[in-house]
Every structure is written in structure tokens, then in C-alpha cells.
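First up is the structure itself, then whatever we jot down about it.
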Amino acid sequence: MATAGKVIKCKAAVAWEPNKPLVIEEIEVAPPQADEVRIKIVATAVCHTDLYHLLENKNVSGFPTVLGHEAAGIVESVGPGVTEFQPGDKVIPLFLSQCRECRFCKSPKTNQCVKAWSRSNPNMMASPDSRFTCKGKKVLQFVGTSTFSEYTVLNQIAVAKIDPSAPLDKVCLLGCGICTGYGAAVNTAKVEPGSTCAVFGLGAVGMAAVMGCKAAGAKRIFAVDINPDKFEKAKVFGATDFVNPKDHNKPISQVLAEMTGGGVDYSLECVGNVEVMRSALESCIQGWGISVIVGWTDFQDLVTRPVQLIAGRTWKGSLFGGFKSKDGVPQMVKAYLDKKVMLDEFITHNMTLDQINDAIELMKHGKCIRTVLSVSPQ
Ligand code: CXF
Ligand code: ZN
């Protein structure tokens, strides 16, 4: 590549300050350093946690930053020591790394990786480091990815190589929401054939959780949302029953208990709201019910009565659907190519990177499932 080893000037959507529209700017992207890979982003989607991190006090890297973590692209060049990737490889950025060396990566019990980005982890480019500058200022990287840009630089532990025949404008969704929801059902809840499930919140993550419950053989899948417009789509992914909490004047856990003879076997919270997390737990059956927290929120306490757990319910959380990222993402790409998982059905809008603020508005108001932004030609 003619650009290898050089600074690339390109377009990116910069978040200069909290709660403000993103600004399309020309930025400079430095060449990859040791163990890093520079990627041309072809397609990226807006995920609800990008909005969350746009809020004051919520952003893990600070400002200015380039948000975006659900994407697919092509390797442009690699830094010293990188042997796994070559220019031209199709890849998906991973907000959760898999170094394959730490005690978590070596355990089959978890997808946590000790080198994953965090506020304080210098292994990954989180605050204060990045390869981006704009107007002479450093622009920070977001959760090790920053995909609202034509080019980005990632550590190789946060990149998955995928099938070269994969359509990047579809498989970009596997970078976050779809793996998160699907895996929460299949890997974390371990939904069993013939079981009953309830999915709370029908955004992309909830829809994918419904799809996961169906794939695992659930016989009844309750789709729960206060926006009944979502029910039709949920049916496409396999939901069999639809519940709008606004139609009932008693707690939704009671409604579900009455409909199922005691509660569901599995419940999945896909909203990121602590009240909903509690209802989801209390909706699963005593004795063996499993409730999984999938929606993202922090800085808030989670409350229930101990007897809920003493009675035999299990409360779990799931990050990225429990998938070890570098292993799981290429498998999910293959599952899509083999028509075992749906992706196209999640895409309600297609736009370009320049229209990112419109895409954010749609997400804010629950008017889309996924908007795919085309960033660069394939
Ligand atoms: C999130 C988890 C928190 C950081 C950004 C990504 N997961 C999905 O959106
Ligand atoms: Zn996400």
C-alpha cells in the first residue's frame, strides 16, 4: 500500500464535547506501532452504548474522541511484530480483546481478557493514548476501536480476521449488538430446547437474544417492550408471545408468572435499566430460573430481595454474549454466510458517515434497529 508507514489524512466524526452533535472533520491517523494494525473502515453501525458514552461523565476515554465500535473493514497496513494480518484482510474490530495469553483467555469459563481496554489499562489504547490528531489536538480512542472514521488503528489482540467473502456492510453488526444478544441466550443463559424465555427490550440486542433463544430450541419466547411497534420484527426473529407492560396494571413479573405457570426458565434484560433488570430477575421461575443482564449501565445500584435468589434463581451478567471475541466473531460470520443467523433483518436504515448525527437521532428515539453507515468503498 502506498500509504503504509505514512500519516493518513481522512474523514472522521469527532465528538468534541459531551451531549453535542458529532462533527465531520479531517483527522490525521498515524501509522500502526508495534502489535498494531491500521484498518480502513468500510461500514460501521451506531450502537446504543455510543450514545451512552457521549454523555457527560460516562465516556471511558474523555473528549475529544472518535466513538463507534461496531464495524467491519480492511487491513491497510500492519506495525512491527504483526504476523497474523496482512494488508487486504477483511476484519472486524473488537471492543473486547482476546490476547490468548492471560489467565482469562486461557480459561474456557470466560471471555474477559486482562488486556481489554479500560480507563487504566496501558496495554490497549484507551485514554490518554491514540493515533489520532485533529487541528493539532490529540483525539482519544474509544474502547480500543473508534470506528466512526475512515481509518483507525487497533491493537492486534482487538481484531478478528473474517471470511474474505463476507459482505462488510452486513457483518459489521457482529462487532457488538448481534453477538451480544445472541450469545447471551446461547452462551450465558444456555437456553435449553423446549424451555420458555422472556426478552426485555427489543432493540438490536433484544432481537438478537430472541434469535438466540429460538436457535437454542426455546418453545415459547415472550417479547417484552413498552413500544408495541417492535413486536412485528420480534416475530421475524422467533418471538411467540408479546407483552406490553403498559397494557397491565400489575408488575410484569406477575403477568408472566400467570402466563407461564410460575415464571419463565430464562429471562434476558436487554435495556440497560436497573428497574427492568429487577423485573427480569423476578419474572424467572423460582427453583431454576436464570436471568441474564445484557443491557449496559454503570454508576447505579441494582436491587432485589435476597429471597429471590435464595429461592433458587440465578442472576448473571454477560459481556459480548460470552463470546471469546477473536474466536467467536469469525464463527458468527460463518454462521451468517451459512444462513444460520440473520443479519439483514436488523438493518432498518442505510446512510453514509456524513449522516451520523441523523443515525444517532434515530437511535435516541428508538426509531431504528440498526443504521449501517457506509464509510469507505469496499
Ligand atoms: C459496550 C460495553 C461498554 C463499552 C462499549 C461497548 N458494549 C456494547 O455496546
Ligand atoms: Zn455496542
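The values are calculated or read from the model by the stated rules, or taken from the named source; none is laboratory data. Computed from a predicted structure; not experimentally measured. As a convention, Cβ positions derive from the backbone with ideal geometry for all residues, glycine included, and neighbour counts pool all protein chains shown.
Annotations
- Pair list, Cβ under 6 Å, 6 or more apart: the range 238-261 residue of a type in the set (D, E, K, R), other residue assigned to a loop (DSSP other than H, G, I, E, B): K246/I226
- Of all residues in the range 52-76, those satisfying the criterion of being modelled with pLDDT of 90 or more, more than 10 Å from ligand 1 (Cβ to nearest atom) and farther than 25 Å from K6 by Cα are L54, F63.
- Flag for I347 being farther than 13 Å from V171 by Cβ and of a type in the set (V, I, T): no
- Per the listing G272, G261, the residue uniquely surrounded by fewer than 24 Cβ atoms within 10 Å (Cβ to Cβ), within 16 Å of ligand 1 (Cβ to nearest atom) and modelled with pLDDT of 95 or more is G272.
- Here L94 clears all of (1) modelled with pLDDT under 95; (2) buried (at least 17 other Cβ atoms within 10 Å of the Cβ) except the condition numbered (1).
- Test: residue in the range 66-88 that is touching a residue at least 60 places away in the same chain (Cβ under 8 Å) and within 16 Å of K138 (Cα to Cα): yes
- Residue identified as out of contact with any helix residue (DSSP H, G or I) (no Cβ under 9 Å at 6 or more places or on another chain) and free of Cβ contacts under 8 Å to residues at least 12 places away in the same chain among S107, S146: S107
Rundown of residues vs (1) modelled with pLDDT of 95 or more; (2) within 14 Å of ligand 1 (Cβ to nearest atom); (3) closer than 26 Å to A30 by Cα; (4) more than 18 Å from the chain's Cα centre (by Cα), yes/no style:
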{"residue": "G144", "(1), (2), (3), (4)": "no, yes, yes, no"}
{"residue": "K170", "(1), (2), (3), (4)": "yes, no, no, no"}
{"residue": "C179", "(1), (2), (3), (4)": "yes, yes, no, no"}
{"residue": "Y182", "(1), (2), (3), (4)": "yes, yes, no, no"}
{"residue": "P193", "(1), (2), (3), (4)": "yes, no, no, yes"}
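- Just one of the numbered conditions (1) closer than 17 Å to F320 by Cα; (2) more than 16 Å from ligand 1 (Cβ to nearest atom) is not true of W16: (1).
- Single unsatisfied condition, I92 versus (1) under 21 Å from the mean Cα position of the chain (by Cα); (2) more than 30 Å from K316 (Cα to Cα); (3) among the β-branched types (V, I, T): (2)
- Screening P128 with (1) more than 18 Å from the chain's Cα centre (by Cα); (2) at pLDDT 95 or above gives one miss only, at (2).
- Checked against the criterion of being within 30 Å of D169 (Cβ to Cβ) and of a type outside the set (D, E, K, R), the range 304-318 has at least one qualifying residue.
- The residue of the range 32-48 that is farthest from ligand 1 (Cβ to nearest atom), among those that are within 29 Å of G206 (Cα to Cα) and not hydrophobic (A, V, I, L, M, F, W, C), is T44.
- Members of the range 53-89 that are within 17 Å of the chain's Cα centre (by Cα) and away from ligand 2 (no atom under 16 Å from the Cβ): G73
- When residues of the range 6-52 are limited to those that are touching a Gly at 6+ places or on another chain (Cβ under 7 Å) and assigned to a loop (DSSP other than H, G, I, E, B), the one nearest to ligand 2 (Cβ to nearest atom): C47
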